[in-house]
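Let me begin by presenting the structure, written as structure tokens, before commenting on it.
The values are calculated or read from the model by the stated rules, or taken from the named source; none is laboratory data. Keep in mind that this is a model prediction, so the values were computed, not measured. Reconstructed Cβ throughout: ideal geometry from the backbone, glycine too, with neighbour counts over all protein chains shown. For the accessible areas, the whole protein counts, side chains as well, though only heavy atoms, and no ligand, DNA or RNA atoms are used. Shrake-Rupley method; radii C 1.70, N 1.55, O 1.52, S 1.80 Å.
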Amino acid sequence: MSTSYNLSSIAEIIDGKLAGKSSEVITTLLIDSRKIILPEGVLFFAIEGEQHNGHKYITQLVERGFKNFIVREEQDLPNNCSQIIVQNTQQAFQNLAKHHREKFSYPVLAITGSNGKTIVKEWLFQLLQIDKNVVRSPKSYNSQVGVPLSIWKMNESHELAIIEAGISRSGEMEKLQQVIQPTDVLITNLHEAHDENFESRQQKANEKTKLVENAQRVFYCKDYKEIDLALTSFSGDKLCWSRHDRSAELFIESTQKNSKGTQVQAIYKEKKIDLLIPFQDSASVENGIHCWLYLLENGYANSVIQERISHLSSVSMRLELKAGSNNNTLINDTYNSDVASLGIALDLLNQQHQHRNKILILSDILESGLHLESLYKEVAKLIDSKGVKNVIGVGEDLFSHQELFEKLDCKFYESTAELLNELPSLNIKNSSVLIKGARKFKFEKISQALEQKTHETVLEINLSAIQNNLNYYRTKLKRDTKLMVMVKAFSYGSGSYEIANLLQFNNVDYLGVAYTDEGIELRKAGITLPIMVMNPEKDSFSAMIKYSLEPEIYSIELLQNFTEKLQSSLASEGESYPIHIKLDTGMHRLGFEEQDMSELLSELKTNKWIRVQSVFSHLAGSGNEAFDDFTKTQADLFEKAAADIENMVGYQFDRHILNSGGIERFPEYQYNLVRLGIGLHGLGTTPEAQKKLQTAAILKSTISQIRKVKKGQTVGYNRSGIAERDIEIATVSIGYADGYSRRLGNGVGQMELNGKLVSIVGDVCMDMCMLDVTDVKCSVGDSVIVFGSDKIPLTAIASQMGTIPYEVLTGISQRVKRVYFQE
Ligand SMILES: *Cc1c(COP(=O)(O)O)cnc(C)c1O
């Protein structure tokens, strides 16, 4: 039985029409055109979604050397390219995966549920790979396109596949079931995630359990009544655990936390058994019991299970990005070690444009199953395909397989200690460095050695949340509406190129900054997107032109000054320079008013040095219903003035008036461009938006010292914090110089410490403040959340400070270190 495919066999499988011919063996399926991979053996599926159309990227892909495409509409392609035309590309993608799945007869375990899918999958993998060759979904690839990609990884050498399946609305699970065709299903739990897309919790349970159709066994916790009920008619083996129902296969009698984790007592096959799960939180205990039940039912002795479970490590899907010393950017992935997650981390490395030089520090990959030779061949090929040339390898396996990495510029060390010794002499600087190692290599030591030492307050930026928020606003746009993202003021305090790299990777159309300097910084960091500058100062015109930054023009004087600069800088009139004309329709800040229009029009008529790239205005109250009539007046004025300008110049340009609140509330004023700002950071104006958005920034600090203060004594400057009783005070390293306002002193502000809210005592100092921790267990070094959690959202601290979230975010000083992570 062969598992290799070429285009004609694929055309037959997916019932498509092949145009062009290629006998090239297809090894890799691609749906995300942004992925950096070598074109050889790649088949691109032009998937169409609500907001997305893969056909748009085919030309770019052809330029990059890709040759094989699955399309819905026949494309005009060069002779050396081939395409298969199908009715529905996503369906074809799933059909191909389904066909691939059917070639294998080993067990396939599918995992679904509201939470914990990825962790249970990773844990089962950790537990079972000791004696089995297991293939699993990479990361949380569990969607309509993630599942087929996971299935595609199956091959003859495997003995078990573990595939994650996630759905967000009705109708999706049936399709996933057909692709996965699981022999076993594990359902983790049922919580509120995506409730809004289902009629009821029960309907959601019914939908999820469609995955069990044709499966032989299902594993679940009977205490989720809706799941149990949804499985009533399931005819295979129902294997469940419960804390209440003694008839369950695994009856949990008690759970008790201790210093090593959680001790679980249970009854299985009429015998008392127990297990120490090395975690204390209830979610981990639930996940652990799922794994326990699965292993018991697959014939593992309890002693073996105990031994393996004691080595379970927490699953971190988190990739961290931060500034290093010597002008390096560090990407930390010091917990995972497998080929799929290496690919994902290399993608993030590749998004970094700020340094030309990219370095990978990699440990041995501790994944059983593959022969070392083929494993490291694959690794070398992957690294090469991502265009990374500098590799530092650590570990005996890599050391003894050096010859496989000949094409790359490599150094090898047998141990982490050896590399740490040599690190200073390697003189790593001005580079983006990916540090990726299996846990046992303790690569955190390497990242500590390369890190910038700064004070202990950090603003953590969740890049996955930003991605989510960007996707949300895109769903609000019509297909041909373009998107400008405002990254002024250090992207609302969140970062410059760190955020811009993500936006460029996501193909947004424009960036907007306040000052020329901000634009130059982005250009120097390799950002090539068009950039609009809102306050183009006269002194900066030359730099602006040199770095291809496009000015907002808000007065005749500015237009004339800029034109003069163009006349002396550009070679000829033919090279007209893009400008953005700002109209004042009611904000009364910057812009041409109605009475300036005739002068503007006559200037535009004769000025051959500039090209009107866009005409725009800004709403004064887009988020507030009370101003909706005013907003409409602004839009009317804008439309009229823009039409006058178009009549005068005789060509079309972009029109835009909406900011984040406007995008949410006035889709009718999208024209063909919108300007997204605060929404990217997770702050919506409507409840509907707020529900879909995720908090991007979390500000954290740490406790430096704890002391007791007797009743009647005072805390801090001006003796304003008077102890009303004997209290315990923790000093935290954040003060007003970091952007933590003095207004939050004396009980106004709160921070979150070990899950509880604690109040500020006394005045906030310049670099520190004091917390009343009398009622909370804590120790020196503990982390406190200043804002960004559910308990203290940004909006709450903003109102305590008497201001708006914008000011809080942009007021966090530059000395506060920014750390980025991707989940
Ligand atoms: C800052 C800014 C925006 C973005 O506003 P948000 O309310 O943050 O969405 C849009 N347009 C202009 C001109 C801006 O200055």
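Of note:
- Extension gain (nm, one decimal) between GLU159 and ARG589, 0.36 nm per residue minus Cα-Cα: 148.1 nm
- Using a cutoff of 8 angstrom between alpha carbon atoms and counting only pairs six or more residues apart, the relative contact order for the stretch 101-239 works out to 27 percent.
- LEU239 contributes an accessible area of around 20 Å² to the protein surface, as traced by a 1.4 Å probe with all chains present.
- Inter-label distance for LYS632 and GLU50, nm, one decimal - labels placed 7 Å from Cα along Cα-to-Cβ: 2.7
- A 1.4 Å probe over all protein chains sorts THR232, THR28 by accessible area into THR232, THR28, starting with the largest.
- Solvent-accessible ranking of THR329, THR255, largest area first, probe 1.4 Å: THR255, THR329
- Antiparallel DSSP beta bridges within the chain, as percent of all bridges there, nearest 5: 40
- Accessible area of the chain divided out per residue, in Å², using a probe of 1.4 angstrom: 43
- In the chain, Cα pairs under 8 Å separated by at least six residues give a relative contact order of 8 percent.
- Counting only aspartates and glutamates at least 8 places from LYS139 when in the same chain, those with an alpha carbon closer than 14 Å to its own are GLU122, GLU164, ASP333, ASP338, ASP347, GLU823.
- Each label point was placed 7 Å from the Cα along the Cα-to-Cβ direction; for ASP539 and GLU688 their separation is 4.7 nm.
- Within a straight-line Cα-Cα reach of under 16 Å, LYS710 can be paired with the following aspartates and glutamates, leaving aside sequence neighbours fewer than 8 residues apart in one chain: GLU724, ASP726, GLU728, ASP772, ASP775.
- Whole-number percent relative contact order across the stretch 248-407, with pairs defined as alpha carbons under 8 Å at least 6 apart: 13
- Close amide H contacts of ILE111 (hydrogens built in the peptide plane, cut-off under 5 Å, sequence separation of 5 or more or a different chain): ILE163, GLU164, ALA165, LEU186.
- Computed from the C-beta positions of ILE804 and GLU174 and an R0 of 35 Å, the FRET efficiency is 0.15 to the nearest 0.05.
- Restraint check, LYS153/LYS381; LYS411/LYS436; LYS377/LYS442; LYS700/LYS817, Cα-Cα greater than 21 Å: LYS377/LYS442
- LYS476 exposes around 60 Å² of accessible area when a 1.4 Å probe is run over every protein chain in place.
- Shape call, the chain: gyration tensor on alpha carbons, a/c limit 1.5: oblate
- Whole-Hz ³J(HN,Hα) from phi, Karplus 6.51 cos²θ - 1.76 cosθ + 1.60, for the stretch 46-62, glycine and proline x: 7, 6, 10, x, 4, 10, 9, 9, x, 4, 4, 9, 5, 4, 4, 5, 4
- For the stretch 552-619, the share of accessible area belonging to carbon and sulfur comes to 43 percent (1.4 Å probe, ligands and nucleic acids excluded).
- Charge-dipole axis of the stretch 347-497 as Lys and Arg at +1 and Asp and Glu at -1 on Cβ define it, positive-most pick from GLN354, TYR413, GLN452: GLN354
- Which of TYR57, LEU160, GLN822, positive extreme of dipole for the chain (C-beta unit charges): LEU160
- Carbon + sulfur, % of accessible area of the stretch 383-484 - ligands and nucleic acids excluded, 1.4 Å: 45
- Fraction of antiparallel bridges per DSSP, the stretch 296-402 only, in percent to nearest 5: 45
- Loop-located GluC sites (Glu not before Pro) across the stretch 287-329 with a Cβ neighbour count of 13 or fewer within 10 Å are lacking, with loop assigned by DSSP.
- Using heavy atoms of the protein chains and a probe of 1.4 Å, the accessible area assigned to HIS353 is about 80 Å².
- Residues ASP228, ASP15, sorted by accessible area with the largest first, give ASP15, ASP228 [1.4 Å probe; ligands and nucleic acids excluded].
- Gyration tensor over the Cα atoms of the stretch 211-324: the corresponding equivalent ellipsoid has semi-axes (square roots of 5 times the eigenvalues, largest first) of 27, 20, 14 Å.
- Charge-dipole axis of the stretch 471-605 as Lys and Arg at +1 and Asp and Glu at -1 on Cβ define it, positive-most pick from VAL485, THR475, LEU503: THR475
- Summing Cβ point charges (Lys, Arg +1; Asp, Glu -1) relative to the Cα centre of the stretch 214-264 gives a dipole of roughly 200 debye.
- The stretch 751-803 - charge dipole about Cα centre, Lys and Arg +1 at Cβ, Asp and Glu -1, debye rounded to 20: 140
- Here is the list for the stretch 706-748: trypsin sites (Lys or Arg not before Pro) lying in DSSP coil, each with at most 16 other C-beta atoms within 10 angstrom of its C-beta, are LYS710, LYS711, ARG725.
- The sum of -39500 (n - 2.57) across all DSSP H runs of n ≥ 4, divided by the residue count of the chain, sets its helix-only mean residue ellipticity at 222 nm to -9000 deg cm²/dmol.
- Given +1 at the Cβ of Lys and Arg, -1 at the Cβ of Asp and Glu and no other charges, the dipole of the chain around its Cα centre is 1400 debye to the nearest 20.
- Karplus-derived 3J(HN,Hα) values for the stretch 204-216, using 6.51 cos²θ - 1.76 cosθ + 1.60 with θ = phi - 60°, are 5, 4, 4, 5, 4, 6, 4, 5, 7, 3, 6, 6, 8 Hz; glycine and proline are entered as x.
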